[in-house]
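Comments concern the structure below.
The values are calculated or read from the model by the stated rules, or taken from the named source; none is laboratory data. None of these values were measured; they are calculated from a predicted model. Neighbour counts run over all protein chains shown; Cβ positions are idealised from the backbone, glycine included.
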Amino acid sequence: MEFVSQDFTRTVMLANRQLLRDTATDQVCFDTDGLQTAHVDQPAFVQVADHSAARRSG
C-alpha cells in the first residue's frame, strides 16, 4: 500500500474474487474493513495519523 498510496490516484481493491472498491486511493487507504478483507495494511502514514487522532480523543 505504501507504493500505491504514493504513486496512484485511483485504486482497485479485490478480495475473494470480488471487487471491493474502485475509487480514489485516499478513500481506499481509510477503508479499514476493506483493507482487512483484502489482507492489506494501511499505509504507515495513515496508521500514524489514526493512532495520533485516537490518542488526542481518548
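Below are the figures for this structure:
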item: Out of SER52, SER5, sole residue that is in contact with a helix residue (DSSP H, G or I) (Cβ under 7 Å, 6 or more places away or on another chain) and of a type in the set (Ser, Thr, Tyr); result: SER5
item: Close pairs from segment 40-56: first among the aliphatic types (A, V, I, L, M), partner part of a helix (DSSP H, G or I), Cβ under 7 Å, at least 6 apart; result: ALA44/GLU2; VAL46/CYS29
item: Options GLN6, GLN27; residue that is modelled with pLDDT under 95 and either under 11 Å from the mean Cα position of the chain (by Cα) or of a type in the set (Ser, Thr, Tyr) (or both); result: GLN27
item: Unmet requirement for ASN16, which otherwise passes all of (1) in contact with a helix residue (DSSP H, G or I) (Cβ under 8 Å, 6 or more places away or on another chain); (2) touching a residue at least 24 places away in the same chain (Cβ under 8 Å); result: (2)
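Yes or no, residue by residue, for (1) outside any helix (DSSP H, G or I); (2) in contact with a Pro (Cβ under 7 Å, 6 or more places away or on another chain); (3) among the β-branched types (Val, Ile, Thr); (4) exposed (fewer than 12 other Cβ atoms within 10 Å of the Cβ):
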| residue | (1), (2), (3), (4) |
| --- | --- |
| THR11 | yes, no, yes, no |
| LEU14 | yes, no, no, no |
| ARG21 | yes, no, no, no |
| GLN27 | no, no, no, no |
| HIS39 | yes, no, no, yes |
| HIS51 | no, no, no, yes |
| ALA54 | no, no, no, yes |
